[in-house]
1. What are the residues whose amide H is under 5 Å from the amide H of Ala303, where those residues sit 5 or more places off or on another chain and H is modelled from the backbone?
2. Can you tell which of Met44, Leu71, Gly240 lies farthest toward the positive end of the dipole of the chain, using +1 and -1 charges on the Cβ of basic and acidic side chains (Lys, Arg; Asp, Glu)?
3. So, how do all the Cα-to-Cα distances of the range 232-295 break down into 10 Å bins, in percent, from 0 on up?
4. Taking the Cα atoms of the range 1-99, what is the range of coordinates along each of the three principal axes, in descending order and whole Å?
5. Let me know the shape class of the range 178-315, please: from the alpha-carbon gyration tensor, a ≥ b ≥ c as square roots of the eigenvalues, rounded when a/c is under 1.5, otherwise prolate if a/b is greater than b/c, or oblate.
6. Could you run the Debye sum over the Cα atoms of the chain, one equal point scatterer each and no solvent, and tell me log10 of I(q)/I(0) at q = 0.10, 0.11, 0.12, 0.13 Å⁻¹, two decimals?
7. Given H placed on each backbone N at 1.01 Å, which residues far from Glu81 in sequence or on other chains put an amide H within less than 5 Å of it?
8. For the range 169-238, give the magnitude of the charge dipole about the Cα centre (Cβ charges: +1 Lys/Arg, -1 Asp/Glu; no others), in debye to the nearest 20.
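Taken together, the values in this text are just the output of simple stated rules run on the coordinates, not laboratory data. Keep in mind that this is a model prediction, so the values were computed, not measured. Positions of Cβ are generated from backbone atoms using ideal geometry, with glycine treated the same way; all protein chains shown enter the neighbour counts.
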Amino acid sequence: EKGGYEHFMLKEINEQPRSIADCMRGRLDAKNGRLVLGGFRDYMNKFQNADRIIITACGTSWHAGLVAEYLFEEFARIPVEVEYASEFRYRNPVVNERDFIIAISQSGETADTLAAIELAKSKGATIFGVCNVVGSSIPRATHAGSYTHAGPEIGVASTKAFTAQISVLTMMALKLGYQRGTLPENRYMQLLSELETIPSKVEKALQLNDKIKEIAAEFKDARNFLYLGRGYNFPVALEGALKLKEISYIHAEGYPAAEMKHGPIALIDEEMPVVFIATKDSSYEKVVSNIQEVKARKGKIIAVVTEGDTTVRHMADHVIEIPETEEAFVPLVAVVPLQQLSYHIAVMRGCNVDQPRNLAKSVTVE
Ligand code: M6R
């Protein structure tokens, strides 16, 4: 059942070109400029006129929600709030019938997310689900939704569900932006064609596996890790850190790179590996100066960069080159080497990768 792989997690990491393609199949037709998401279409009017979107989720799904915040605000110009379901449900939030709630959950069974949905529903909001498990509790509790179609995810550490969630949310943001007129047609068409190339770019990123194994061997005994990124890559940094924590039990933190100087920089010495996501995008120059700041303090730098980047190569201890894509789509590709890095470190440390201690695949109690 592991399809020849040693662990489900590795199988699921490697399945991503296909799971992303499955998620887009029958929905995205770039050549004809068509983008159809069943459940979304029926609520398009409501969505278009929403005062704001509130995204609620836990864990990795919450990270997908953060990526979506950037996507919806950039393309559809609707204000977005992203809330941990556990906080949202208990703090008497201001919600009304003009709010649109997106609940994201792989399992569709997470207790806090389900309770957040019920609360928002009781206040008259419209609830849209982005879930993986068909027929689970969350899709049954929402007004409408789109499944991620990633296939069963067995490893406790979420991998292919995350990229499928982002794929659905990206399609939603593009469609909404186009319908609202905030995303001009030519740009919309361009983005659709680029989105179609993502599975093959993820395939290419997966080929970095051997290089990542070498990096893993060098850092497997580290006690701490920092992950830094800006813009769309900030949630990727959070996700990279969570993956490492949950399966290798190494303490790791993700931060927006610019926040480093407000505290975490004090942690940096020659024993601190820092993973930068430093792809060629609108914040590239700023991330490069953050890299220099870490280098000046003798931190060990592992940088995920855009193919062909020569600047960062001279500063970093290791570079991981991923294929170039639209800034908004980088998380789909950049997260892959971070999943592989945590996987290899955990295996080298002898950890139970698919079933890490103290964790369950779905958290059905609060
Ligand atoms: O099934 P859900 O997406 O609602 O689960 C949410 C979190 O429990 C989940 O993402 C958790 O953080 C994973 N173990 C992360 O890999």
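1. Phe276, His318, Val319, Ile320
2. Highest projection toward the positive end goes to Met44.
3. 20, 54, 25, 1
4. Extents along the principal axes, in whole Å: 50, 41, 22.
5. Prolate is the answer for the range 178-315, as a/c is 1.5 or above and a/b outweighs b/c.
6. -0.59, -0.72, -0.86, -1.02
7. Ile53, Ile54, Ile55
8. The calculated dipole for the range 169-238 is roughly 220 debye.
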